[in-house]
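Participant: Let me begin by handing over the structure; questions about it come next.
The values are calculated or read from the model by the stated rules, or taken from the named source; none is laboratory data. Nothing here was measured: the structure is a model prediction, and the numbers come from that model. Because the Cβ atoms are built from the backbone with ideal geometry, glycine has one as well, and the counts that use them run over all protein chains shown. Side chains included, ligands, DNA and RNA excluded: accessible areas come from the protein's heavy atoms. Shrake-Rupley method; radii C 1.70, N 1.55, O 1.52, S 1.80 Å.
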Amino acid sequence: VFYLGFQVRQSARATRAAMYQSINMHIGAMLVPVFQSPEAAGFLEKALADLGSLSPVERLRFTAFCSMLFRHYDAVYCHFKIGTVAPEQWEGFDAYIRMALTRYPGLAAWWKDNKGIFSSDFAALIDDMLGKQTVHSPNAT
């Protein structure tokens with residue numbers, strides 16, 4: 001019985017470690033174009049600063065990016081709730097989401113326009129984050 005308990009605990013740790021690695025690899029892959037392409041970086045900077053400044057094509061590109069980004073964080077939140085992402089790992093994701101929503105008015109505006117495509121539980125989490133934060137300009141000092 002002791003050995004079985006030990007094996008189960010080791011398996012749970014391995015699952016959490018694999019999940020955390022997978023999560024970080026996914027977000028890294030999403031951001032590769034931003035640091036490889038000055039055009040992609042400029043586009044993202046423009047979109048994050050002011051959603052209203054985007055052309056229809058840029059708006060579509062930003063919607064694709066934000067949809068992937070928030071789906072990723074929705075999945076991380078789901079894994080946190082079921083225990084495959086540890087609380088201390090979730091803290092970092094939570095802090096990053098809060099920072100991004102506060103720092104980038106375009107991201108916060110996109111969320112407000114599109115939150116209905118996400119689960120009500122996740123939408124409530126993000127809305128709560130926005131409700132407790134003041135959104136600032138990315139160029140503010």
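Participant: Can MET68 be described as under 10 Å from the mean Cα position of the chain (by Cα) and either open to solvent by less than 20 Å² (accessible area, probe 1.4 Å) or free of Cβ contacts under 8 Å to residues at least 40 places away in the same chain (or both)?
Facilitator: Yes.
Participant: Return the residues of the stretch 64-112 that are modelled with pLDDT of 95 or more and assigned to a loop (DSSP other than H, G, I, E, B); say none if nothing qualifies.
Facilitator: Answer for the stretch 64-112, where residues must be modelled with pLDDT of 95 or more and assigned to a loop (DSSP other than H, G, I, E, B): just TYR104.
Participant: What is the one condition in (1) open to solvent by less than 40 Å² (accessible area, probe 1.4 Å); (2) modelled with pLDDT under 75 that ALA40 does not satisfy?
Facilitator: All conditions are met except number (2).
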